[in-house]
Ligand code: AMP
Ligand code: TRP
C-alpha cells in the first residue's frame with residue numbers, strides 16, 4: 001500500500017496586492033514542497049474581510065492570487081488549490097472552535113494588539129477571532145505542516161493549543177500541526193524601514209515590491225532602498241537595509257551571504273543594488289507573463305477552483321462531522 005503522504009495547508013489573504021515578501025516567504029517554498037506532501041493551498045478570502053474590502057478589488061485579487069500560485073509553479077493537478085469561501089466547513093468549524101478558545105489567549109496575539117492600537121474600539125470582532133478561523137483552516141484538513149513566514153508563528157501556536165484542548169476534552173480528533181518556517185527569507189523587510197516586515201498594507205509603496213510590479217518600478221524601488229553610509233556590502237545587524245537586500249539576493253541566486261559579501265568587496269552599493277533589482281526582475285517577469293495569461297482565461301481558473309473546492313469540501317466535511325459528533329450535536333442522516 002502506498003504510504004500516506006503528510007498533509008500541508010497554507011494560505012494567503014487577498015487583502016492587498018502580493019509582495020516579494022509573500023513570494024519569498026511563502027509561495028516560493030510551497031513550490032518545493034508539492035512533490036513530497038499532500039498540499040492544500042488556499043486563497044483565504046474570509047480572512048481578508050476582517051478589514052473592509054472593495055468588492056470588485058476583492059474578486060480581482062482573489063483570482064490574481066490563485067493565478068500567482070499557478071504561475072509560480074504550483075501544479076493544480078498535484079495540489080488542491082481553492083478559495084476558502086467555497087468551502088463552508090471553514091466558517092462552521094471556526095464557530096465550533098471559538099467555543100474552545102479563550103478571550104485571554106486571543107488578546108495576547110501581537111497582530112491583534114498592533115491592529116487594535118491603530119483601530120481602537122472600531123476594530124472588528126472578525127479581527128479578534130481571526131486566529132480561530134486560521135486554526136479551523138488548518139485543523140479541518142488534519143494538516144501536519146503549515147509553511148508560513150515568521151510573523152505567523154504565534155497564530156500557529158494558538159492553533160496547536162486549540163487542537164490540544166479539543167483533543168483533551170474529548171478524544172484525539174485533530175493532528176497537532178507544526179509550523180514550517182523557512183530558514184532563509186522567512187522575513188523580508190520593508191525597503192524604506194528595515195525594522196518592519198515588507199507588507200502590502202504599508203502606506204509608502206517604496207517600502208515594498210509587488211509581485212506584479214513592472215521592471216522599471218522594481219529598479220526604482222531597489223535603487224531607493226534605504227541602506228547606510230558605511231558603503232560596505234556586509235551581512236550584519238548593524239546594516240539592516242543591506243542585510244535585507246543580501247537576503248533577497250541570496251534566496252534568488254542561491255549564493256550564500258558570505259559569497260555575496262565577497263563578490264561586492266570594494267564595490268559600493270550602486271552595482272549591488274542594480275544586481276539585486278535584476279535578480280528580482282529575472283525571477284518575477286516570467287511569473288507576471290503567466291499571471292496575465294491566466295487572468296485572461298477565467299474559465300480555466302474556474303475549472304481549477306471548482307475541482308479544488310470539491311476535494312477540500314469532501315476532506316474537511318469528514319473532520320467537521322467528527323467534531324460535531326464528539327461535541328454532542330445530533331447528526332442527520334443523508
Ligand atoms: P499575508 O500576506 O499576511 O496573508 O501572508 C501570507 C504569507 O506570506 C504568510 O505565510 C506570511 O508569513 C508570508 N509573508 C508575508 N509577508 C512576508 C514578509 N515580508 N517576509 C516573509 N514572509 C512574508
Ligand atoms: N493568517 C495568515 C496570514 O496573514 C493567512 C492564513 C489564514 C493562513 N489561514 C491560514 C496561513 C492557514 C497558513 C495556514 O498570513
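The values are calculated or read from the model by the stated rules, or taken from the named source; none is laboratory data. Here the structure is a predicted model, which means the values were calculated and not measured. No Cβ is skipped: glycine too gets one built from the backbone with ideal geometry, and neighbour counts run over all protein chains shown.
Tell me, which helices (runs of 4 or more DSSP H) wholly within region 28-73 include 3 or more residues that are at pLDDT below 95? So that I can check it myself, show each step before the final result.
On the way: elements: 28-33, 45-48, 55-71.
In region 28-73, 28-33 are the helices (runs of 4 or more DSSP H) which contain 3 or more residues that are at pLDDT below 95.
Among the residues of region 59-91, those identified as farther than 18 Å from residue 311 by Cβ and either buried (at least 17 other Cβ atoms within 10 Å of the Cβ) or touching a strand residue (DSSP E or B) at 6+ places or on another chain (Cβ under 7 Å) (or both) are 61, 62, 63, 64, 65, 67, 68, 71, 72. For residue 159, indicate whether it is farther than 30 Å from residue 227 by Cβ, more than 16 Å from ligand 1 (Cβ to nearest atom), in contact with a helix residue (DSSP H, G or I) (Cβ under 9 Å, 6 or more places away or on another chain) and at pLDDT 95 or above. No: the conditions fail for residue 159. The selection criterion, being closer than 21 Å to residue 65 by Cβ and buried (at least 19 other Cβ atoms within 10 Å of the Cβ), holds for residue 134. The residue of region 176-199 that is nearest to residue 10 (Cα to Cα), among those that are within 8 Å of ligand 1 (Cβ to nearest atom) and not in a loop (DSSP other than H, G, I, E, B), is 197.
Got a number for residues in region 18-39 being touching a helix residue (DSSP H, G or I) at 6+ places or on another chain (Cβ under 7 Å) and either over 14 Å from residue 69 (Cβ atoms) or near ligand 2 (Cβ under 9 Å from one of its atoms) (or both)? Looking only at that region, the number is 2. Residues that are touching a strand residue (DSSP E or B) at 6+ places or on another chain (Cβ under 8 Å) number at least 2 in the following helices (runs of 4 or more DSSP H) confined to region 234-297: 240-253.
For residue 141, the conditions (1) within 11 Å of ligand 2 (Cβ to nearest atom); (2) crowded, with 17+ Cβ neighbours inside 10 Å; (3) more than 20 Å from residue 100 (Cα to Cα) all hold with the exception of (3). Within region 15-32, is even one residue away from ligand 1 (no atom under 11 Å from the Cβ), under 29 Å from residue 222 (Cβ atoms) and under 14 Å from the mean Cα position of the chain (by Cα)? Yes, the conditions are met somewhere in region 15-32.
Which residue is surrounded by the most Cβ atoms within 10 Å (Cβ to Cβ), if the candidates are limited to region 200-222 and must be assigned to a loop (DSSP other than H, G, I, E, B) and more than 16 Å from ligand 2 (Cβ to nearest atom)? Break it down into steps so the answer makes sense when it comes.
Of region 200-222, the ones assigned to a loop (DSSP other than H, G, I, E, B) are 200-204, 208-209, 211-214.
If we keep only those that are more than 16 Å from ligand 2 (Cβ to nearest atom) too, we end up with 203-204, 209, 212-214.
Details: 203: 5, 204: 10, 209: 25, 212: 16, 213: 21, 214: 13.
Result: 209.
A quick yes/no check of all residues on (1) surrounded by fewer than 19 Cβ atoms within 10 Å (Cβ to Cβ); (2) assigned by TED's automatic domain parsing to the domain that holds residue 227; (3) modelled with pLDDT of 95 or more; (4) more than 22 Å from the chain's Cα centre (by Cα):
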residue	(1), (2), (3), (4)
245	no, yes, yes, no
263	yes, yes, yes, yes
268	yes, yes, no, yes
278	yes, yes, yes, yes
